[in-house]
Amino acid sequence: FEEILRRRPNNPEAHLNAGLARDGIGQSAVAVRHLRRALELKGDWTRAERLLAWILATDPDDAVRNGPEAVNLATRACAKTKKAVARCLDTLAAAYAETGRFPEAEKTATEAEVAAVQAREARFAETIRARRALYAEGKPFRRPARTPSSDD
């Protein structure tokens, strides 16, 4: 993706994919920059909004997290999907928890779980249920830390 971006620096899909790749190897700050650039280039992009919101809400690094921005992005993504997509709702719940809005996080996680069940995503519904238990305890969800590969 980096090679594609060298040749076509304004390719939003390449920025999104580079962001996902960087996040996958523990470079979430770089991932955030790529996802923000993808949104600058292709502003009304629900997937990019949701992915960026997820990182900003759940990253283990305090310097990367930005709860208010995550809430804004996830709210927009959920509105576009008419609050019917479990992954959007799960992201919004995590963003609410990151900002200390635990009752809203619990309620939204419940909506996400229902949407997952309706979509026949039982395993994902279980994952959401576990996160909702954290919110009930007044704790935000944090993704596990990833270690950058040694050749980066």
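The values are calculated or read from the model by the stated rules, or taken from the named source; none is laboratory data. On a predicted model such as this, the values are computed, not experimentally measured, just so you know. No Cβ is skipped: glycine too gets one built from the backbone with ideal geometry, and neighbour counts run over all protein chains shown. Each accessible area value is taken on the protein alone, full model and side chains, heavy atoms only, with ligands, DNA and RNA left out. Shrake-Rupley method; radii C 1.70, N 1.55, O 1.52, S 1.80 Å.
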Computed over region 19-61: relative contact order in percent, which uses C-alpha pairs under 8 Å that are six or more apart: 31 percent
Contact order relative to length of the chain, as percent, for alpha carbon pairs under 8 angstrom and 6 or more apart: 19 percent
Solvent-accessible area per residue, Å², over region 1-114 with all protein chains present [probe radius 1.4 Å]: 46 Å²
Label-to-label distance, nm, for residues given as Lys82 and Ala29 (7 Å Cα→Cβ offset): 4.2 nm
Percent accessible area from carbon and sulfur atoms, region 21-146, protein chains only, probe 1.4 Å: 52 percent
Relative packing of 32-44, 106-118, which averages over residues the other C-beta atoms within 10 Å, highest first: 106-118, 32-44
Relative contact order %, region 51-118, counting alpha carbon pairs below 8 Å whose residues are six or more apart: 30 percent
Among 57-67, 91-101, the order from most to least packed when residues are scored by Cβ within 10 Å on average: 91-101, 57-67
Förster-model FRET efficiency, 30 Å R0, Arg6 and Thr46, C-beta, rounded to 0.05: 0.65
